[in-house]
1. Looking only at the range 261-318, count every residue that is within 19 Å of the chain's Cα centre (by Cα) and charged (D, E, K, R) and tell me the total.
2. Please verify whether the range 289-303 includes one or more residues that are part of a loop (DSSP other than H, G, I, E, B) and either touching a Cys at 6+ places or on another chain (Cβ under 6 Å) or buried (at least 16 other Cβ atoms within 10 Å of the Cβ) (or both).
3. Does Ala160 satisfy the criteria of being more than 25 Å from Ser256 (Cβ to Cβ), open to solvent by less than 70 Å² (accessible area, probe 1.4 Å), in contact with a helix residue (DSSP H, G or I) (Cβ under 7 Å, 6 or more places away or on another chain) and touching a residue at least 24 places away in the same chain (Cβ under 8 Å)?
4. For the range 312-332, which positions are within 16 Å of Asn371 (Cα to Cα), surrounded by fewer than 19 Cβ atoms within 10 Å (Cβ to Cβ) and not polar (S, T, N, Q)?
5. Within the range 340-372, track down each residue that is part of a strand (DSSP E or B), surrounded by fewer than 21 Cβ atoms within 10 Å (Cβ to Cβ) and either at pLDDT 95 or above or not basic (Lys, Arg) (or both).
6. Would you please name the residue that is nearest to the chain's Cα centre (by Cα), looking only at residues in the range 75-92 that are surrounded by 24 or more Cβ atoms within 10 Å (Cβ to Cβ) and among the hydroxyl-bearing types (Ser, Thr, Tyr)?
7. When you scan the range 282-299, do you find a residue that is under 21 Å from Asp184 (Cβ atoms) and among the β-branched types (Val, Ile, Thr), even just one?
8. Quick check: is even one residue across the range 261-280 assigned to a loop (DSSP other than H, G, I, E, B), on the phi < 0 side of the Ramachandran plot and in contact (Cβ under 8 Å) with a residue 40 or more places away in the chain?
Amino acid sequence: SGAGVPLWTNRYNGPDNLDDEASAVAVDGSGNVFVTGSSGFPFGDYATIAYSGAGVPLWTNRYSAPGNSYDGATAVAVDGSGNVFVTGYSGYFDGFDAFHDYATIAYSGAGVPLWTNRYHGPANGDDKATALAVDASGNVFVTGFSASASPRFEPAYDYATIAYSRTGGVLWIKRYSGPGNGNDYANAVAVDASGNVFVTGNSATIAYSGAGVALWTNRYNGAASAIAVDVSGNVFVTGGSPGSGGDPDFATIAYSGAGAALWANRYGGRGAASDFANAVAVDGSGNVFVTGSSGVSGGDSDYATIAYSGAGVPLWTNRYGGSANTFDEADAVAVDGSGNVFVTGRSYSAGGNSEYVTIAYSGAGVPLWTNRSGAGGANSVAVDRSGNVFVTGYSYGSGGDFDYATIAYSGAGVPLWTNRLGGTYYSD
């Protein structure tokens, strides 16, 4: 489709008129859209916004830590009842220095705060949640990294994964410290239909039962950024792994639900350059879609999206070099009920500004449409049951700073609406 014209635009300028960046988007079964991120650096808050599928703002909730330190939401998920769960990192000041705790918040679908839980690790240092998933019973699983009991100002970090009941009760907490007691950063979490929980990051992929029993741990040379589970309980992990020349390649690994390695595929792109996969999604047939950044000569990069069958057979690879053939990085991927694949991220124009670029492919890899929209970059994508596509991230606002910007497309690529949350940009 063509670029289209948004039907309407809503702006929300946070109370401090400061820096804002949306990090994640989710959609419930009714098509309502939930966006979260950070708003108002240097003393920022979580800001979570709900829109109807038609783009009508429903509610906005902000969360500010005790002591009004910096808070940044990193992930959002919705359960089958429409309750919304947000997690990230929330600052505190101990009288001498500023650190962070995990902070996880539940809202009803109507925006009523239900509960808030903070996790303060054993080292009294930095603890930052990076990802969140919800099972069919509404239990919530949060993971990230947490300073260990080593020296406070030079700590090693461990994975720290926490399970909460739907009412906010702590069910279990599991920490993982890899060999050598180095830095272990968990980046992603997924849950299968049986309630088993899978966590991955730069150190290992770990499976827990819903009751928190460690089932298996697998290690692979590299750093994983994303994880997905298919309807059969197979687990797919992707990220980057050192190649023959030392630069990273895409590395995608499949495990059975019991932890048996099924296959591993690597993608080295175009010669000696860095390639790193940022996201993975699985369709109803078990096909696996991986996307990320793939280097080209001169230090530039393209989007690279790869499809594998559930058995690991490469099906197709598509690259996108942008309008200027400079720096293009895909950060997120989603699949609709028909198997169409939607990739989003940032792409630099000839003028040197990054823009949202969202691309749709058929399940067979045929490019369907490409939309470039606004200066900035998209961080997350979600698809509703009708095949509408929702993208969020950051976009230039007035004065050259950044705002939240959330865009809805029909499955055919027609922009339905755009919402912006005003402010300026900060990212650490």
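The values are calculated or read from the model by the stated rules, or taken from the named source; none is laboratory data. Given the structure is predicted, the values throughout are model-derived calculations rather than measurements. With ideal geometry, Cβ positions are generated from the backbone for all residues, glycine too; neighbour counts draw on all protein chains shown. Accessible surface areas use protein heavy atoms only, side chains included; no ligands, DNA or RNA. Shrake-Rupley method; radii C 1.70, N 1.55, O 1.52, S 1.80 Å.
1. Count: 2.
2. Just the residues of the range 289-303 that are part of a loop (DSSP other than H, G, I, E, B), to begin with: 296, 300.
Subsequent filtering for residues that are either touching a Cys at 6+ places or on another chain (Cβ under 6 Å) or buried (at least 16 other Cβ atoms within 10 Å of the Cβ) (or both) retains 296, 300.
Looking for residues that are part of a loop (DSSP other than H, G, I, E, B) and either touching a Cys at 6+ places or on another chain (Cβ under 6 Å) or buried (at least 16 other Cβ atoms within 10 Å of the Cβ) (or both), one finds at least one in the range 289-303, hence yes.
3. Details: more than 25 Å from Ser256 (Cβ to Cβ): yes; open to solvent by less than 70 Å² (accessible area, probe 1.4 Å): yes; in contact with a helix residue (DSSP H, G or I) (Cβ under 7 Å, 6 or more places away or on another chain): no; touching a residue at least 24 places away in the same chain (Cβ under 8 Å): yes.
Considered against the rule, which asks whether it is more than 25 Å from Ser256 (Cβ to Cβ), open to solvent by less than 70 Å² (accessible area, probe 1.4 Å), in contact with a helix residue (DSSP H, G or I) (Cβ under 7 Å, 6 or more places away or on another chain) and touching a residue at least 24 places away in the same chain (Cβ under 8 Å), Ala160 comes out as no.
4. Listed by number, the residues that qualify are Arg319, Gly321, Ala324.
5. The initial filter retains those residues of the range 340-372 that are part of a strand (DSSP E or B), namely 341-348, 354-361, 367-372.
Checking which are surrounded by fewer than 21 Cβ atoms within 10 Å (Cβ to Cβ) leaves us with 367-370, 372.
Pro367, Leu368, Trp369, Thr370, listed by residue number.
6. Among residues in the range 75-92 that are surrounded by 24 or more Cβ atoms within 10 Å (Cβ to Cβ) and among the hydroxyl-bearing types (Ser, Thr, Tyr), the one nearest to the chain's Cα centre (by Cα) is Thr87.
7. Initially, the range 282-299 is screened for residues under 21 Å from Asp184 (Cβ atoms), giving none.
Scanning the range 282-299, I find no residue that is under 21 Å from Asp184 (Cβ atoms) and among the β-branched types (Val, Ile, Thr), so the answer is no.
8. The first filter runs over the range 261-280 and keeps only residues assigned to a loop (DSSP other than H, G, I, E, B), leaving 268-274.
Right, trim to on the phi < 0 side of the Ramachandran plot and you get 268, 270, 272-274.
Next cut, in contact (Cβ under 8 Å) with a residue 40 or more places away in the chain only: none.
Among the residues of the range 261-280, not one is assigned to a loop (DSSP other than H, G, I, E, B), on the phi < 0 side of the Ramachandran plot and in contact (Cβ under 8 Å) with a residue 40 or more places away in the chain, which makes the answer no.
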